[in-house]
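Here the structure comes first, spelled out in structure tokens, and everything after it is commentary.
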Amino acid sequence: MRNSEYIKLTDSGINLLEYSELARLEQNGGSSYYLFDARKLRENISNLRAALGHKVFLSYSMKANPWLAECAKEYVDCLEICSPGELKKVMENGWDLDKVTLDGLLKTPEEIGIALQKGVQRLSIDSLCQWKMVQECAKGSSRKINVLLRLTSGNQFGMDMEEIVHILERKSGSQALHIEGIHFYAGTQKKSAGEVKKLFQYLENALDEIEERTGNKLELVELGGGAPVPYFLEDDRAEYQKAYETLAECVRTLSERISIVYEAGRILVASAGCYVSKVIDCKARAGGKIVLIDGGTHQLTYYGAVAGRKTPEIKSVSHGADMCADEESVTVCGSLCTAQDIMARRVKLKKTEPGAYLVFGLAGAYSVTECGSDFLSRTKPAILLRRENSGLEVLRAVEEIDFLQF
Ligand SMILES: Cc1ncc(COP(=O)(O)O)c(C=O)c1O
């Protein structure tokens, strides 16, 4: 694998953003917005494909960024969804439902019924109870429904070996269901090469044991390995890169044995988005300057972030800023009434005053959806998409709290 591939996948490109562009985007987005980039997503998909090898089918894990699922459609083989809401969105996006896997810990009979009726053709089975539910729902179906038995990686998801063997030994009564193989999700942000190796060893051992004990030849493994993204300046990038390369190698090796669908979220979209928030106020403190932005941790949080103790990539962009302007060490706080609302402590930024924009890199994955954006009933930021050929699109307009007009 070329050294540059991982660097490209995790390069946010925020240094390319200039004041004039941010000011123009503010007209559509308000004073805090997410900006996603379709070209970067396409490039990331192509880089990941190159790393995993041509035998592996690539699936986009919608939960990482539902707003980019429509752009991903052109470039990935399939899509992983986990809820009726995600199903509704993919239908609106025009996805071919036979490319969709309905995954997820919790599924009700109604949800399974709707998914099957709409044309979803692959489901993961998370428990014995879900297996029975899917059997019931599939009764009378005129077509075969493909299922994957989810093997746990030790948490609340999936089933253990005995449960999987139990299903495979008694599957004969389920004419409408075809058990294709195993679903396995190792967990997100796997940043240790040693841990990645162990997880794949566990998976390979499990496949051997299932085949030996049940006499079944499995056809497919759909898996997510949690390719890691170094969000913080303190992160050891070489360690992350090694984990990523080990993961890619393990997937390639496994694909020699069995068909693989690789589910990817964070690694594809983290660097395809940034978050922009305007500086509204600054305060002098004995411990150093505080910069207050319009947004905050209710709009952007990074996996592993705790009250600004680690430093994400931030760029300060001001009107007419001198490229050689002095740097200052500041603490960046958000607009919430909680002392935890700190984006970064003692981060070095170009001299920053009210009116400047702070751009946060690697904000494309789990950003819009995972935050407590209702806290304090503040305005919700807009979501903007830079398309490859047709320019800027407002995917979600700013949700103003228009109390000033009462
Ligand atoms: C089943 C499953 N597959 C894939 C993913 C995507 O993982 P990541 O964003 O780490 O690539 C997730 C994330 O939670 C998941 O639950």
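Every number here is computed from the coordinates shown, using simple stated rules; none is lab data. All values reported here derive from a predicted model rather than from experimental measurement. Virtual Cβ from ideal backbone geometry, glycine too; neighbours counted across all protein chains shown.
Observations, loosely collected:
- For the chain, the pair-distance distribution built from all alpha carbon pairs, in bins 10 Å wide starting at 0, is 5, 22, 28, 23, 14, 6, 2, 0 percent.
- Each part gets one Cα centre, and for segment 131-145 versus segment 312-373 those centres are 51 Å apart.
- Charge dipole of the chain about the Cα centre (unit charges at C-beta), most positive-ward option of Gly265, Val90, Gly295: Gly295
- Of the trypsin sites (Lys or Arg not before Pro) found in segment 264-347, those in coil by DSSP whose Cβ has at most 14 other Cβ atoms within 10 Å are Arg285, Arg309.
- Mean shadow area of segment 82-159 over all directions, Cα convex hull, nm²: 5.0 nm²
- Taking the helices alone, the chain has a mean residue ellipticity at 222 nm of -9000 deg cm²/dmol, built from -39,500 (n - 2.57) per DSSP H run of at least 4 residues and averaged over all its residues.
- One decimal place: the segment Ser377-Glu110 gains 92.8 nm when fully extended, by the rule 0.36 nm per residue minus the C-alpha distance.
- Between the C-alpha center of segment 153-168 and that of segment 69-83 there is a gap of 27 Å.
- The coefficient of translational diffusion for segment 38-270, derived via Stokes-Einstein from the alpha carbon Kirkwood radius under 4 °C and 1.567 mPa s, stands at 72 µm²/s.
- Rounded to the nearest 20, the size of the Cβ-charge dipole of segment 153-215 about its Cα centre is 320 debye, with Lys and Arg at +1 and Asp and Glu at -1.
- Percent antiparallel among DSSP beta bridges (both partners in the chain, rounded to 5): 40 percent
- Ranked list, fewest to most other Cβ atoms within 10 Å of each Cβ, for Tyr302, Tyr6: Tyr302, Tyr6
- Counting neighbouring Cβ atoms within 10 Å and putting the fewest first, the residues Met159, Met343 line up as Met159, Met343.
- Tail beyond 23 Å, pair distance distribution of segment 194-299 (Cα, percent): 51 percent
- Percentage relative contact order, the chain, counting C-alpha pairs under 8 Å, at least six apart: 21 percent
- Value of Rg/Rh across segment 259-406 [Cα atoms, Kirkwood radius]: 1.00
- Computed from the C-beta positions of Arg24 and Glu399 and an R0 of 25 Å, the FRET efficiency is 0.75 to the nearest 0.05.
- Sequence-distant lysines (8 or more away, or on other chains) whose Cα lies within less than 28 Å of Lys118: Lys63, Lys73, Lys88, Lys89, Lys99, Lys107, Lys132, Lys139, Lys144, Lys171
- What separates the Cα centres of segment 278-304 and segment 30-60 is a distance of 29 Å.
- Charge tally for Ala270 (other residues, Cβ to Cβ under 12 Å; Lys, Arg +1; Asp, Glu -1): -1.
- Using alpha-carbon coordinates, inclination of helix 128-138 to the longest axis of the chain, degrees: 80 degrees
- The magnitude of the dipole of segment 273-393, with charges of +1 and -1 set on the Cβ of Lys/Arg and Asp/Glu and taken from the Cα centre, is near 300 debye.
- Note on Asp236 and Asp98: the extension gain reaches 45.7 nm, defined as 0.36 nm multiplied by sequence separation minus the Cα-Cα distance.
- By the count of neighbouring beta-carbon atoms within 10 Å, fewest first, Asp126, Asp326, Asp98 end up ordered Asp326, Asp98, Asp126.
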